[in-house]
Amino acid sequence: MSLKLAPSDYEIYIPIAEWIEKNIKEWLFMQRPLFKKLSAPIDSVLNGLDTLFNVIPFPLAVLIFLYFAYKTNGFKFAILTMIGLVFIDLVDLWSESMTTLAMIFTAVIFLYFYRYSIRNSFF
């Protein structure tokens, strides 16, 4: 006779995880048209910004970043910004970095409009 102290020692199995996964998959499948409609404006803004940021030539982009770095934080920060951007280009991650920047800008744009609409609807 052995003592059964842990829940895994018993023979009973309740497939809660499988039930939850099945129901979530069904719900997501039913809501797919809604999610497509909600993501369409986000996709269009993201694709537009991604195209814009990847079309700008590297030297011009560096000059734009250097200008904003100098205006906001001074000369030392501008130099560190230039070193960082040149390093990103040297490791051949410029396109991926511009895509990430487009994602961040898209999120900021939509969150700004969301915040603005919520603020005006309540006050």
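Could you tell me the convex hull volume per residue, in Å³, taken over the Cα atoms of the stretch 73-121?
Spelled out: Cα convex hull of the stretch 73-121, divided by residues, is 65 Å³.
So I have (i) 1.27; (ii) 0.93; (iii) 1.04, and one of them is Rg/Rh (Cα atoms, Kirkwood Rh) calculated from this model. Which one is it?
Looking at Rg/Rh (Cα atoms, Kirkwood Rh) for this model, the match is (i).
Report, in cubic angstrom per residue, the convex hull volume of the C-alpha atoms of the stretch 58-99.
Enclosed volume per residue, from the Cα hull, is 58 Å³.
Report, in degrees rounded to the nearest 10, the 0 to 90 angle that the Cα long axis of helix 75-90 makes with the longest principal axis of the chain.
Value to nearest ten degrees: 60.
Compute the angle between helix 16-30 and the longest alpha-carbon principal axis of the chain, please, reported from 0 to 90 degrees and rounded to the nearest 10.
It works out to around 50 degrees.
Using alpha carbons only, how many degrees (0 to 90, rounded to 10) separate the axis of helix 58-73 from the longest principal axis of the chain?
Helix 58-73 and the main axis of the chain meet at about 90 degrees.
Per DSSP H run of at least 4 residues, take -39500 (n - 2.57); add these up for the chain, divide by its residues and hand me the 222 nm value, nearest 500 deg cm²/dmol.
-28000 deg cm²/dmol
None of the figures in this text is laboratory data; all of them are computed from the coordinates on show. Since the model is a prediction, treat every value here as computed from it, not as a measurement.
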